[in-house]
Amino acid sequence: MSCTLNLKNILYKKDDKVLFEDITFDLGHKEKIAIVGANGCGKSTLLKLIVGLERPNKGEIYLFHNLVKDKNDYEKYRNDIGYLPQDVSSFFLSITVIEDIMFSLRVKGLNKDEAYTKSIEILKKLDILHLENRVIFELSGGEQKLVALSSILVNDPTILLLDEPTNALDEESEKKILNILNSLNKSMIIVSHHKTFIVNLTNTIYKLDNKLLIKI
């Protein structure tokens, strides 16, 4: 299976505390995997390492078979990786929902009409078109999570890194997210504590435990 992501012998420590040591892991093309583990074991930090927000103390990270070592390397793949943090409160760059979703499309060079059309399409797909002109910071936590996911999916990334994507969502919204993720032929890493959500999305589960990532 062709891989979109490879971690090789990753060691990471912060404030002299070792979170990971010797983690080696491959994510295949269009493979969906979940990572579970106790609170504070480093699941969110692992996603940050993959997306380049943190750097390992030792080891190598490869994206699409290319070694990435610094911000310049990651910049090449900015549109290929969609990262949804656990806390989306600082995720947004615009005031209203439609402006935020259009923002990255405009940066990529789409004209205003094209960006608006694509943004409306993704709002419809996630069934949140009614939020189009709402001020983001007046939305509920669950609504903000859906808007953030819309901003990611509108760019059609190759890899999705999703940190607790169902946090703050009601049951109906959770089912909606599950159906959407199941419909996408993309490589995904999902960090979640919600077992039912995970098993309905993938059979490939890893546990982060005792500084190691182990397939279960």
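Throughout, read-outs are computed from the coordinates displayed, never taken from laboratory work. This structure is a prediction, so every number in the text was calculated from the model and none was measured. Cβ placement follows ideal geometry from the backbone for every residue including glycine, while neighbour counts extend to all protein chains displayed.
On C-alpha positions alone, give me the angle between the axis of helix 141-153 and the longest principal axis of the chain, in degrees, nearest 10.
On a 0 to 90 degree scale, this one is about 80.
Any lysines with Cα under 17 Å of the Lys215 Cα? List them, leaving off those in the same chain fewer than 8 positions away.
Within the straight-line limit of under 17 Å, Lys215 reaches these lysines: Lys8, Lys32, Lys43, Lys195, Lys207.
Hey, got the dipole for segment 56-112? About the Cα centre, +1 on K and R Cβ, -1 on D and E Cβ, debye to the nearest 20?
It comes to approximately 180 debye.
Tally Lys and Arg at +1 and Asp and Glu at -1 over the other residues with C-beta under 14 Å from the C-beta of Ile10: what net charge comes out?
Every neighbour counted, the sum reads +4.
Mind putting a number on the dipole of the chain about its Cα centre? Charges go on the C-beta only, +1 for Lys and Arg and -1 for Asp and Glu, and I need it in Debye to the nearest 20.
560 debye
Provide Ile214, Ile10 in ascending order of the number of other Cβ atoms located within 10 Å of each residue's Cβ, fewest first.
Ile214, Ile10
Take the alpha-carbon centre of segment 81-109, take the same for segment 44-80, and report the distance between them in whole Å.
Cα centres, segment 81-109 to segment 44-80: 20 Å.
Between the helical axis of 171-183 and the dominant principal axis of the chain, each derived from Cα atoms, what acute angle in degrees is found, rounded to the nearest 10?
70 degrees
Using alpha-carbon pairs under 8 Å, 6+ residues apart, how would you state the relative contact order of segment 91-156 in percent?
Contact order relative to length: 45 percent.
If we count every other residue with Cβ under 11 angstrom of Ile101's Cβ, Lys/Arg +1 and Asp/Glu -1, where does the sum land?
With Lys, Arg at +1 and Asp, Glu at -1, the net is -2.
Defining a contact as two alpha carbons under 8 Å apart and six or more residues distant in sequence, what relative contact order in percent does segment 1-135 show?
Over segment 1-135, the number comes to 20 percent.
Students often get this wrong, so try it: which of [x] 0.96; [y] 1.04; [z] 1.06 is Rg/Rh (Cα atoms, Kirkwood Rh) as calculated from the structure shown?
[x]
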